[in-house]
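First the structure, in the form of structure tokens, and then the observations on it.
The values are calculated or read from the model by the stated rules, or taken from the named source; none is laboratory data. Computed from a prediction, not measured in an experiment: that's the story for all the values here. Backbone-built Cβ (ideal geometry, glycine too); neighbour counts: all protein chains shown. Only protein heavy atoms, including side chains, enter the accessible area calculation; ligands, DNA and RNA are left aside. Shrake-Rupley method; radii C 1.70, N 1.55, O 1.52, S 1.80 Å.
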Amino acid sequence: LTVLALALATHGVHALPAAVPVPGEVSAMRELGPAAAFVRAEAMRQMQEFNPSCCASLLEAFRRWGVYDRQLVDMALERIWDDFDAIQSRDAVELIAVLARLGLGRGPSSLA
């Protein structure tokens, strides 16, 4: 699923309309098109089976689509934390790069 999502995002297959600001979110979220909605629904259902590398690919795909889904990001980060002992050096580099490109704020004060 994550390879499919990253491939679709890389090739620009998303059919997302113009950005619509969401009150209370860190960044604007676009209304999901059919491809992104499918990937989101399946990812939410299969999240417990993802490894840290899959979570990083999923976050990168949604970043390329220009979509920030707080619930999906929180679930992916929680899954990464649950499987923290299985993270290899390649996974760590990929995760740090994706999180840096997402531009998430640091700590609880940045979410206010």
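Excluding ligands and nucleic acids, what accessible area in Å² is computed for Leu95 using a 1.4 Å probe, to the nearest 10?
My reading of the accessible area for Leu95 is about 10 Å².
Using the beta-carbon distance between His11 and Leu102 and R0 = 22 Å, what value does 1/(1 + (r/R0)^6) give for FRET efficiency, to the nearest 0.05?
That gives a FRET efficiency of 0.60.
Quick check: residue separation of Phe84 and Met44 times 0.36 nm, minus the Cα distance between them. What number comes out in nm?
Working: separation 40, 0.36 × 40 = 14.40 nm, distance 1.93 nm.
Difference between extended and current length: 12.5 nm.
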